[in-house]
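Reviewing the structure listed below.
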Amino acid sequence: MVRQRWTAEGAYQAIEQYYDEVLVYGSADLYPLADLYEFPSSICERTTYCGYVIPLHPPTAADIGAARARLVGCDDLNLVVVMGGSGADAAPMMSAAIRSYPTINRRSRTVMVVICGPNMPDSQRSDLKQHANSADIHFIDSVGDAAAVMAAADAVVAMAGYNSSAELVASGTPTVLIPRPGPSLEQRTRARIFSTRGWVEMVDPDDLDDETLATAIERALDTSIDRTRNGVLDLGGLDRVQTILSSLLYETQWASPLLT
């Protein structure tokens with residue numbers, strides 16, 4: 001579908017004509033974009049895989065400790081955080097997580113925190129909040145320290161957006177990814193690849209129900225699983241892109257009299 005659209009829209013020709021470099025925020029061993037999108041050799045020659053990008057400043061130990069103290073208060077309980085980015089399409093995932101909580105809590109003492117996101121429709125927010133309160137689940141509209149919350153949790157349930165997926169793998173927190181069902185396959189593809197590497201658990205949205213999700217969360221909480229058995233995610237994207245762009249600007253400065 002991407003190849004057809006790019007061909008119809010003239011994207012390949014535009015890259016050939018107007019771009020000196022193609023920088024991919026990803027890894028060729030995970031998703032060989034140039035091969036899958038059938039880049040011609042002339043574009044492959046100017047394509048660089050830079051690795052994934054995460055925030056420049058990770059949370060400190062103090063930030064993580066403060067987040068955990070605020071959300072769970074003690075260390076003898078598991079903390080499961082459910083988050084869906086902006087929340088615009090996260091209601092099905094969060095509803096399943098809320099329904100799964102009694103099963104999880106019966107098997108291991110657990111605090112669940114649902115962070116609905118600022119863009120969730122009001123009707124869905126109200127319905128989820130009511131069910132969460134009935135199940136003794138903490139329901140929060142948003143947090144200002146999401147990275148610290150991720151790191152403080154014993155497991156996180158999230159959708160499979162680029163930023164969330166990379167940041168969760170970087171945090172080292174056991175994770176269950178539930179990709180959005182469509183319209184594109186982007187999130188499904190990312191979650192499947194990360195799951196195959198052993199970095200996350202994945203629940204397909206077509207198979208999502210409370211029992212399936214409860215099992216996935218319990219697997220995430222099982223710290224005996226080796227989550228680095230197939231290497232680690234390349235998180236050097238920010239540094240590599242900065243180096244490449246700085247080099248290009250330096251070369252341009254000396255090559256063009258207009259910039260001297």
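The values are calculated or read from the model by the stated rules, or taken from the named source; none is laboratory data. Remember, predicted model here, so these are calculated numbers, not experimental data. Neighbour counts run over all protein chains shown; Cβ positions are idealised from the backbone, glycine included. Heavy atoms of the whole protein, side chains included, go into the accessibility calculation; ligands, DNA and RNA do not. Shrake-Rupley method; radii C 1.70, N 1.55, O 1.52, S 1.80 Å.
Take the residues in the stretch 117-155 that are closer than 20 Å to Ala62 by Cβ and either part of a strand (DSSP E or B) or among the β-branched types (Val, Ile, Thr) (or both); name whichever of them is modelled with the highest pLDDT. Working first, answer last.
Filtering the stretch 117-155 for residues closer than 20 Å to Ala62 by Cβ gives 143-154.
If we keep only those that are either part of a strand (DSSP E or B) or among the β-branched types (Val, Ile, Thr) (or both) too, we end up with 143, 149.
Details: Val143: 92, Val149: 95.
Taking the candidates together, the pick is Val149.
Looking across the stretch 87-128, the residues that are among the polar types (S, T, N, Q), under 22 Å from Asp204 (Cβ atoms) and free of Cβ contacts under 8 Å to residues at least 40 places away in the same chain come down to Ser95, Gln124.
Restricting to the stretch 33-79, name every residue that is closer than 12 Å to Ala148 by Cβ and part of a loop (DSSP other than H, G, I, E, B). Correct list: Pro55, His57, Pro58, Pro59, Thr60.
All of (1) hydroxyl-bearing (Ser, Thr, Tyr); (2) part of a loop (DSSP other than H, G, I, E, B); (3) over 23 Å from Tyr25 (Cβ atoms) hold for Ser100 with one exception: (2).
When restricted to residues that are open to solvent by less than 10 Å² (accessible area, probe 1.4 Å), more than 16 Å from Ile54 (Cα to Cα) and polar (S, T, N, Q), the stretch 147-186 contains 1. Listed conditions (1) over 30 Å from Arg5 (Cβ atoms); (2) in contact with a helix residue (DSSP H, G or I) (Cβ under 6 Å, 6 or more places away or on another chain) are all met by Ala170, apart from (2).
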